[in-house]
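Quick note: the coordinates plus some simple rules give every number you see, no bench work behind them. Small disclaimer: the values here were computed from a predicted structure and weren't measured. Please note: Cβ atoms are built from the backbone with ideal geometry, for glycine as well, and neighbour counts cover all protein chains shown.
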Amino acid sequence: MTVSQSLLEGTVTVLFTDVEGSTGLGTRSGDQSAREILRPQEELIRKKVAEHGGEEIKFLGDGFMIGFSSARQGLACAVAIQRALEQERRVHPDGVLPVRMGLNAGEAIREGDDLFGSAVSAAARISAKARGGEILISEVVKALVGTYTDATIRERGRFRLKGFEERWRLFEVAWQEESPSPRRFDRTPFVAREEERAEFRGFLGRLAKGSGALVMIGGEPGVGKTRIAEEVAAEGRQQQFRTLMGRCYEMDSPPPYLPFVELLEAASKEVEPKSFRAALGDAAGEIAKVVPHIRQLFDDIPAPLELPPEQERRYLFNSIRDFVIRSATVRPLVVILDDLQWADESSLLLLQHVAVTLRDIPVLILGTYRDVELDVHRPLANTLETLVRSRLAHRMTLRRLSPQQVAAMLTKLKGDSPPATLVEAIYSETEGNPFFVEEVFRHLAEEGALFDTEGRWLSDLRVAELEVPESVKLWSAAACSAFQTQLVGP
Ligand SMILES: Nc1ncnc2c1ncn2[C@@H]1O[C@H](COP(=O)(O)OP(=O)(O)OP(=O)(O)O)[C@@H](O)[C@H]1O
Ligand SMILES: [Mg+2]
């Protein structure tokens, strides 16, 4: 498919493939027979691209430029190609040449059949840094992909890419290895937060009656913001509410509307296609500008209107707000917008726009943010102030757990209550931050420092000798100074 027929636009993930040693092959065997050797592997690549919803933008003689509307699909496709080539190589050791691959994501400009832009050139440069059989990805792709469980992703360091001033941090996708086994420990059963949960029950009760709200949950990293939002969502699901999540990621210039794009993508998977299409409404073409993926799901999405930039934004905002309103007509909706401290300005303006209507529709939005990172340079600081001042958002701050609550967490982690000396030790190391309570507990358990051979708490725990992971020690020091800055800060 050529790009002029294709629907890729806006934020695109670009994969470049390149056959290592193809020039040598041409010289050795003649161009004609080189083509014959390479054709089967090109067909295999095309097949995988089609299976992953990618679009072949260009064939470059010994490689491809391929576009995806989803970074996750792009990466899955690259991994699938390498694995399929590896299988083929086992059968025909001489029939397959190693392929290097590079992936990047960002804004691309469409011109005729081609895609342009620095994000596209960077993808080509990244692929040139890979060796045969390797997949290298940029930091943006890594962030967009989020938790990737199909292969291990390892940092390879910073690289200079031709034509770019700053150095790029690149990651290798170790497709040969299965990803590390899932965590040996399940998630800790929820403890404490009774007051907050009671408050949220109030919000859920009003939601059932058709009235929503925006609750902004702030707190330090690891204090449990995402977790409490997920608990509220789970409670919502028990009441047959729909729940959706969109995240923000730490990047220099995040793609616009990223958390809402994730939200729409999640909705496209969870909601029955007919209702999802109905919720998109007549403005589906407008929404497809930021979520091109929906064009692949439906063939009746109109072209977006040509509007002057200011109107264009208003129209897009209204289209997404109306989508949210329509999505909640059948079942009330609980939406988590996670890590808003990293949201870009466009997403926050859209959030403000949506917030105005929440009181009259059954949509509860739970926004989480790290308040220690809420400095004046981040767009969220302003938005939050405006939202709270105009009473469009309720603010909730999560504090660290008390020693008793840490004891409750340890009891849940183990199944029975821990010795008081251990609770004291873990509390003093972690200061009641749930993330670090889990870290320290797991580390000590793995070291064999907590339980006897029968799995009981060791009766002679020598607390002074317990080794706490370095990461926790560093954190304690950093957190203390961050809090002091906050206390004395402006
Ligand atoms: N009340 C709780 N009971 C049990 N476990 C909890 C509780 N709160 C948090 N946890 C656990 O602690 C860990 C950290 O919580 P969470 O990821 O929600 O933190 P966060 O505030 O969202 O951090 P970040 O700012 O890094 O996103 C998670 O594994 C979570 O399951
Ligand atoms: Mg979180």
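When a/c is below 1.5 the answer is rounded, else prolate if a/b is larger than b/c, else oblate, so apply that to the range 234-294 with a ≥ b ≥ c taken from the square roots of the Cα gyration tensor eigenvalues. Don't skip to the answer; put the middle values down first.
Values: a/c = 3.07, a/b = 1.17, b/c = 2.63.
Note, shape of the range 234-294 comes out oblate.
Near the amide H of R156, within less than 5 Å, lie the amide hydrogens of L170, F171, E172, all on another chain or at least 5 residues away, with H placed in the peptide plane. If you take the square roots of the eigenvalues of the alpha-carbon gyration tensor of the range 279-328 and sort them as a ≥ b ≥ c, do you get rounded (a/c under 1.5), prolate (a/b over b/c) or oblate? The shape class here is oblate.
Quick one: work out the % antiparallel among DSSP beta bridges in the chain, nearest 5. Walk me through the numbers before you get to the answer.
Details: 32 of 57 bridges.
Around 55 percent of the beta bridges assigned by DSSP in the chain are antiparallel ones.
Amide H to amide H, with H built 1.01 Å from N, M245 comes under 5 Å of I336, counting only residues 5 or more places away or on other chains.
What does the charge add up to near G157, with Lys and Arg as +1, Asp and Glu as -1, over the other residues with Cβ less than 13 Å from its Cβ? Taking every Cβ under 13 Å from that of G157, the sum is +4. The phi-based Karplus calculation (6.51 cos²θ - 1.76 cosθ + 1.60; θ = phi - 60°) puts the 3J(HN,Hα) values of the range 448-453 at x, 8, 10, 10, 7, 5 Hz, whole numbers, x for Gly and Pro.
Fewest to most neighbouring Cβ within 10 Å: what's the order for K412, K209, K129? All intermediate terms of the calculation are to be shown ahead of the outcome.
Numbers: K412 13, K209 8, K129 17.
With the fewest neighbours first, K412, K209, K129 line up as K209, K412, K129.
Extents of the range 24-153, taken as max minus min of Cα coordinates on every principal axis and listed largest first, are 41, 36, 26 Å. With 29 Å as the limit, the listed pairs K47/K162; K142/K162; K48/K225; K48/K129; K225/K412; K142/K274 have K47/K162; K48/K225; K142/K274 beyond it between alpha carbons. Placing +1 on each Lys and Arg Cβ and -1 on each Asp and Glu Cβ, with no other charges, gives the range 265-390 a dipole about its Cα centre of roughly 360 debye. The gain in end-to-end length when the I109 to A445 segment is fully stretched comes to 115.7 nm, 0.36 nm per residue minus the alpha carbon separation. Its Cα gyration tensor gives the chain an equivalent ellipsoid. The semi-axes, each the square root of 5 times an eigenvalue, are 42, 33, 20 Å from largest down.
Provide the FRET efficiency to the nearest 0.05 for the L458-Q32 pair, computing r from the beta carbons and using R0 = 51 Å. Walk me through the numbers on the way to the answer.
Working: r = 73 Å, r/R0 = 1.43.
In this case the efficiency is close to 0.10.
Here the residues W457, W168, W175, ranked from fewest to most Cβ neighbours within 10 Å of their Cβ, fall in the order W457, W168, W175.
Would you please report the Å³ per residue occupied by the convex hull of the alpha carbon atoms in the range 287-372? It would help to have the intermediate numbers written out before the result.
Working: hull volume 10.4 nm³, N = 86.
So the per-residue Cα hull volume is 121 Å³.
As a rough footprinting exposure proxy, the listed residues K47, K225, K162 were ranked by other beta carbons within 10 Å of their own, and the order from fewest upward is K162, K47, K225. Calculated FRET efficiency, S275 to R89, Cβ-Cβ distance, R0 = 60 Å: about 0.85 to the nearest 0.05.
Positive-end ranking of L75, A50, G112 along the dipole of the range 10-174, with charges on Cβ about the Cα centre, is headed by L75.
Sorting the Cα pairs of the range 141-247 by distance into bins of 10 Å, from 0 upward, gives 10, 28, 26, 20, 13, 3 percent per bin.
For the range 210-222, the Karplus equation 6.51 cos²θ - 1.76 cosθ + 1.60, evaluated at θ = phi - 60°, returns couplings of x, 10, x, 6, 10, 10, 9, 9, x, x, 6, x, x Hz by residue, with Gly and Pro reported as x. Under a model in which nothing but the beta-carbon of Lys, Arg (+1) and Asp, Glu (-1) is charged, the chain shows a dipole of about 700 debye around its Cα centre.
Simple spin-label estimate for V330 and S428 gives 5.7 nm between the two label positions (7 Å along the Cα-to-Cβ direction from each Cα). In the chain, taking the dipole from charged Cβ atoms about the Cα centre, the farthest positive-side position among M65, M409, G202 is held by G202.
Compute the angle between helix 434-446 and the longest alpha-carbon principal axis of the chain, please, reported from 0 to 90 degrees and rounded to the nearest 10. Here the helix axis deviates by roughly 80 degrees.
I'd like the distance between the alpha-carbon centres of the range 79-120 and the range 291-313, rounded to an integer number of Å. So the separation of the two Cα centres works out to 28 Å. Candidates A445, P308, P292 compared by Cα position along the dipole of the chain: farthest toward the positive end lies P308, with charges placed on Cβ.
Subtract the Cα-Cα distance of A234 and N382 from 0.36 nm times their separation in residues, and report this length gain in nm to one decimal. All intermediate terms of the calculation are to be shown ahead of the outcome.
On the way: separation 148, 0.36 × 148 = 53.28 nm, distance 3.05 nm.
Length gained, A234 through N382: 50.2 nm.
Which shape class applies to the range 194-397: rounded if a/c is under 1.5, otherwise prolate when a/b exceeds b/c and oblate if not, where a ≥ b ≥ c are the square roots of the Cα gyration tensor eigenvalues? Here the range 194-397 falls in the oblate category. Principal-axis analysis of the Cα atoms of the chain puts helix 225-238 at an angle of about 90° to the longest axis.
Evaluate the charge dipole of the range 10-174 about its Cα centre and quote only its size in Debye, nearest 20, assuming +1 on the Cβ of each Lys and Arg and -1 on the Cβ of each Asp and Glu. Please report the intermediate quantities before stating the final value.
Values: 24 positive and 24 negative charges, 111 e Å.
Value, rounded to 20: 540 debye.
Here the simple spin-label model places points 7 Å from the Cα toward Cβ, and for T147 and R39 these points are separated by 4.6 nm.
Shape analysis of the range 87-199 yields a ratio of the Cα radius of gyration to the Kirkwood radius, Rg/Rh, of 1.16. At each listed q (0.09, 0.12, 0.14, 0.22 Å⁻¹), what is the log10 of I(q)/I(0) that the Debye formula gives for the range 301-438 modelled as equal alpha-carbon point scatterers? Scattering profile of the range 301-438, log10 relative to I(0): -0.45, -0.69, -0.82, -1.25.
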